[in-house]
Amino acid sequence: MKREISVYLKILSLASILLISVSCSNEFEHEASNWEYVTTSNKGVEAYVDTLRVECDDKMCKAWTKLMFPSAQKMSQQEFHKSDNPHINLNSKRVDSMRYYYCFTNIAMMTSYQLYDEKDKLIDAKWINKPELEPIRKNTLEYDLFHHVCKPLLQEDEEENADSNY
């Protein structure tokens with residue numbers, strides 16, 4: 001009996017550790033942030049990058065971005081559920097999203113997002129199971145965010161190319 005209780009307690013301990021580690025790794029549950037302003041579109045949409053959640057390797061950067069709309073963007077319930085574009089939704093004032101920027105190919109993909117209303121209340125959050133790679137078009141907020149996030153990698157590449165030319 002004591003042995004069964006001991007095994008049961010060990011299993012509970014392992015399960016608790018697993019639950020704690022999973023909850024700590026949830027990208028949506030990040031408490032600290034440092035939103036750095038990047039640009040404003042001609043329609044008044046402000047774009048930001050969370051400098052505490054930018055991670056880069058030698059070709060790609062993962063970053064959390066935020067778009068703040070000048071007024072709540074509205075769409076009908078039916079249109080919202082048909083749309084894959086979280087930037088215009090039921091009644092959002094802000095969209096936070098995790099994006100991967102492939103710095104040397106001008107391609108990006110969004111893997112998750114959170115939508116907030118005018119009172120900064122979370123109204124929807126979604127992990128995108130099969131994110132699509134999208135080319136980044138010039139003269140867009142995405143282009144400005146891409147260059148802001150990838151700037152260190154692009155500068156490093158330029159410096160290496162300049163050094164190799166000497």
- Message: Restricting to segment 124-161, name every residue that is in contact (Cβ under 8 Å) with a residue 40 or more places away in the chain and part of a strand (DSSP E or B).
- Response: ALA125, LYS126
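Just to verify a result, which residue in segment 129-145, among those that are of a type in the set (S, T, N, Q) and within 17 Å of VAL45 (Cα to Cα), is nearest to the chain's Cα centre (by Cα)?
Taking segment 129-145 first, the residues of a type in the set (S, T, N, Q) are 129, 139-140.
The next check asks that each one be within 17 Å of VAL45 (Cα to Cα); those that pass are 139-140.
Numbers: ASN139: 21, THR140: 17 Å.
Top of the filtered list is THR140.
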- Query: In segment 140-164, what count of residues is obtained for those that are loosely packed, with under 15 Cβ neighbours inside 10 Å and either modelled with pLDDT under 90 or under 22 Å from SER92 (Cβ atoms) (or both)?
  - Reply: 12
- Note on the structure: Per the filter on segment 103-123, residues more than 17 Å from ASP50 (Cβ to Cβ) and either assigned to a loop (DSSP other than H, G, I, E, B) or under 14 Å from the mean Cα position of the chain (by Cα) (or both) are CYS103, PHE104, THR105, ASN106, MET109, ASP117, GLU118, LYS119, LYS121
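Considering every residue within segment 36-50, establish whether at least one is surrounded by 12 or more Cβ atoms within 10 Å (Cβ to Cβ), at pLDDT below 85 and at negative phi.
Going residue by residue through segment 36-50, those that are surrounded by 12 or more Cβ atoms within 10 Å (Cβ to Cβ) are 36-41, 45-50.
Next cut, at pLDDT below 85 only: none.
Scanning segment 36-50, I find no residue that is surrounded by 12 or more Cβ atoms within 10 Å (Cβ to Cβ), at pLDDT below 85 and at negative phi, so the answer is no.
The values are calculated or read from the model by the stated rules, or taken from the named source; none is laboratory data. Keep in mind the model is a prediction, meaning the values are calculated, not measured. We place every Cβ from the backbone using ideal geometry, glycine too, and count neighbours over all the protein chains shown.
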